[in-house]
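We did not get these values from a lab; they are worked out from the coordinates using the rules stated. Computed from a prediction, not measured in an experiment: that's the story for all the values here.
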Amino acid sequence: MIALCNNFSIFIKTNNTTNTMENTKQETWNQPQEPQFRPENKKVVAGVLAIVLGYLGIHKFILGYTTEGIIQILISIITCGIAGTIIGLIEGIIYLTKTDEEFYHTYQLNKKGWF
């Protein structure tokens, strides 16, 4: 009788027959799970666009704020881009410092348009 261990299975060979002894109890900690549904979070895209191109209001359009985006463009035109750039920079920093859940609930669900 010969016993061999290979890949967590024990094989016993006796008179030209091989029996496999395996643990049939399934453990739950290593079972694949369904991925949790996560809504699309636009935090990084909106934050980077607000910092880089804040005077154009593109970050507002990305988040679905059409009216606020047009106001941002008008503010930039009236102030030669200075106020629009400052507003975009502030909003970009705010966006990127929030957690994913805070950002999603504040700007995508509750539609908070400014700051």
Worksheet item: Pulled fully out, how much extra length does the chain show between residue 93 and residue 74, if you take 0.36 nm times their separation in residues and subtract their Cα-Cα distance?
Response: 4.7 nm
Worksheet item: HN-Hα J couplings of the range 83-94 from phi, Karplus 6.51/-1.76/1.60, θ = phi - 60°, integer Hz, Gly and Pro as x?
Response: 5, x, 5, 5, 4, x, 5, 5, 5, x, 5, 4
